[in-house]
Amino acid sequence: MSVDAETVRRVAKLARIALKPEEVEAMQGELNTILGFVEQLGQVDVSGVEPMTSVIPMEMRKRQDVVTDGGKADDIVANAPASDDHYFMVPKVVE
């Protein structure tokens, strides 16, 4: 795959990069080099390799999926000016 000058200008516009006319040819060569590396990656045989998210195999730490009240109700309402049975007491605003 080869990138032409018009594609370089379009990519620069989409990326919001100010590209001078004399820089287009240099950028075209760089993009073609990058695409060449990507094509080389496509030639690698990975048929026996499993996809992975990390180089070190690990499992996510998981907690039990149980419903709790958090066990901190007293701590949460401790700073409230008024509370009743673990609920915040506020002045009535609707008449």
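The table for this structure:
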| read-out | value |
| --- | --- |
| Number of the condition not met by VAL93 [criteria: (1) surrounded by 10 or more Cβ atoms within 10 Å (Cβ to Cβ); (2) hydrophobic (A, V, I, L, M, F, W, C); (3) at pLDDT 85 or above] | (1) |
| Matching residues in the stretch 1-16 - criterion: being within 26 Å of the chain's Cα centre (by Cα) and closer than 26 Å to GLN40 by Cβ | ARG10, VAL11, ALA12, LEU14, ALA15 |
| Candidate set from the stretch 56-77 (those that are at pLDDT 85 or above and among the β-branched types (Val, Ile, Thr)); member that is nearest to the chain's Cα centre (by Cα) | ILE56 |
| Among (1) out of contact with any strand residue (DSSP E or B) (no Cβ under 6 Å at 6 or more places or on another chain); (2) at pLDDT 85 or above; (3) aliphatic (A, V, I, L, M); (4) surrounded by 10 or more Cβ atoms within 10 Å (Cβ to Cβ), the one test that ALA80 misses | (1) |
| Test result for GLU25, surrounded by 10 or more Cβ atoms within 10 Å (Cβ to Cβ), closer than 17 Å to ASP4 by Cα, over 32 Å from the mean Cα position of the chain (by Cα) and modelled with pLDDT of 90 or more | yes |
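The values are calculated or read from the model by the stated rules, or taken from the named source; none is laboratory data. For clarity, every value in this text was computed on a predicted model and none was experimentally measured. Note that each Cβ is placed from the backbone with ideal geometry, even for glycine, and that neighbours are counted across all protein chains shown.
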